[in-house]
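Report on the structure given below.
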Amino acid sequence: MLKKLIVFVALMTIVGAMAISVRADTIFSGKFSGAQALPPNASKAVGTATVVLNDTATRITISLDFSGLGSNQTAAHIHGPARPGGIAPILFNLGSQGTTSGSLVSLSAAVSPRQVAQLKAGQWYFDIHSTKLFGGEIRAQILPGGQAPVENASREELNRPTSYTWKFDSDHLWDVLETVW
């Protein structure tokens, strides 16, 4: 009997250890273009950016690279919450290189639970401003790793609310998610 109890406890310990979820950093990224800027422009500038949310969802690390701006960079920001094509206030000021090409690497900032929810919902965007296009030369929507950037949304899409209250049973969960996305 004691032997069975020991085997049972050992198995439960192994199963319990396997059930513990390992938390890891979450990566979000964006690809810059003038087409995503507001208003859209014909800038030939390009760039990529990442936001890494730490495993406790309390801090982000930001890195971005850009090149080919039509004039010197004057500012870089993360804005939110906004869908593609929307406008939102500045959340984080990332600084300026004062050049047409550059990198901002390993910038760090604290984030609130509300900001984390916005980030995970794809409602943040990078904006790089330049001397000639001071409203923003290139923009990148920040999306969960691997998602393709989305061009500017239609006015109808912009007028949809960015948060929802749902009442449904689990049988209809996938129908609701398909409707939202």
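Can you tell me which residue in the range 102-129 is nearest to SER71 (Cα to Cα), limited to those that are surrounded by 15 or more Cβ atoms within 10 Å (Cβ to Cβ) and polar (S, T, N, Q)?
GLN123
Sort out which residues of the range 60-72 are free of Cβ contacts under 8 Å to residues at least 60 places away in the same chain and assigned to a strand (DSSP E or B), and write them in order of number. Can you show your working first?
Here is the first cut: in the range 60-72, the ones free of Cβ contacts under 8 Å to residues at least 60 places away in the same chain are 60-63, 65, 67-68, 72.
Selection gives ILE60, THR61, ILE62, SER63, ASP65, SER67.
Scanning the range 29-56 for residues that are under 16 Å from ALA110 (Cα atoms) and touching a Leu at 6+ places or on another chain (Cβ under 9 Å), which turns out surrounded by the fewest Cβ atoms within 10 Å (Cβ to Cβ)?
Taking the range 29-56 and keeping what is under 16 Å from ALA110 (Cα atoms), we get 50-56.
The next check asks that each one be touching a Leu at 6+ places or on another chain (Cβ under 9 Å); those that pass are 50-51, 53.
On the way: THR50: 17, VAL51: 25, LEU53: 20.
Filtering first and then ranking leaves THR50.
Might you check whether a residue that is part of a loop (DSSP other than H, G, I, E, B), within 21 Å of ASN41 (Cα to Cα), modelled with pLDDT under 95 and of a type outside the set (Phe, Trp, Tyr) occurs anywhere in the range 120-135? Lay out the reasoning, then the answer.
Filtering the range 120-135 down to residues part of a loop (DSSP other than H, G, I, E, B) leaves 121-123, 131-135.
Right, trim to within 21 Å of ASN41 (Cα to Cα) and you get 131-135.
Next cut, modelled with pLDDT under 95 only: 134-135.
The next check asks that each one be of a type outside the set (Phe, Trp, Tyr); those that pass are 135.
The answer is yes, given that some residue of the range 120-135 is part of a loop (DSSP other than H, G, I, E, B), within 21 Å of ASN41 (Cα to Cα), modelled with pLDDT under 95 and of a type outside the set (Phe, Trp, Tyr).
I'd like the full set of residues that are of a type in the set (A, V, I, L, M) and touching a residue at least 60 places away in the same chain (Cβ under 8 Å), limited to the range 83-126.
Going residue by residue through the range 83-126, those that are of a type in the set (A, V, I, L, M) are 87-88, 90-91, 94, 104-105, 107, 109-111, 116-117, 119, 121.
Those that are of a type in the set (A, V, I, L, M) and touching a residue at least 60 places away in the same chain (Cβ under 8 Å): VAL116, LEU119.
(1) surrounded by 15 or more Cβ atoms within 10 Å (Cβ to Cβ); (2) within 19 Å of GLY136 (Cα to Cα); (3) not hydroxyl-bearing (Ser, Thr, Tyr): which one isn't true of ILE90, the others all being true?
The number of the failed condition is (1).
When only residues in the range 91-106 that are of a type in the set (Gly, Ala, Ser) and more than 16 Å from the chain's Cα centre (by Cα) count, which is nearest to HIS77 (Cα to Cα)? Lay out the reasoning, then the answer.
Going residue by residue through the range 91-106, those that are of a type in the set (Gly, Ala, Ser) are 95-96, 98, 101-103, 106.
Still in the running and more than 16 Å from the chain's Cα centre (by Cα): 95-96, 98, 101-103.
Details: GLY95: 7, SER96: 9, GLY98: 14, SER101: 16, GLY102: 14, SER103: 13 Å.
That would be GLY95.
Pull up the range 73-109, narrow it to residues that are part of a strand (DSSP E or B) and among the hydroxyl-bearing types (Ser, Thr, Tyr), then point me to the one that is modelled with the lowest pLDDT.
Pass one, the range 73-109, residues part of a strand (DSSP E or B): 73-79, 90-93, 102-109.
Okay, now just the ones that are also among the hydroxyl-bearing types (Ser, Thr, Tyr), so 74, 103, 106, 108.
Values: THR74: 97, SER103: 94, SER106: 90, SER108: 95.
Per the criteria, the residue is SER106.
The values are calculated or read from the model by the stated rules, or taken from the named source; none is laboratory data. Nothing here was measured: the structure is a model prediction, and the numbers come from that model. Virtual Cβ from ideal backbone geometry, glycine too; neighbours counted across all protein chains shown.
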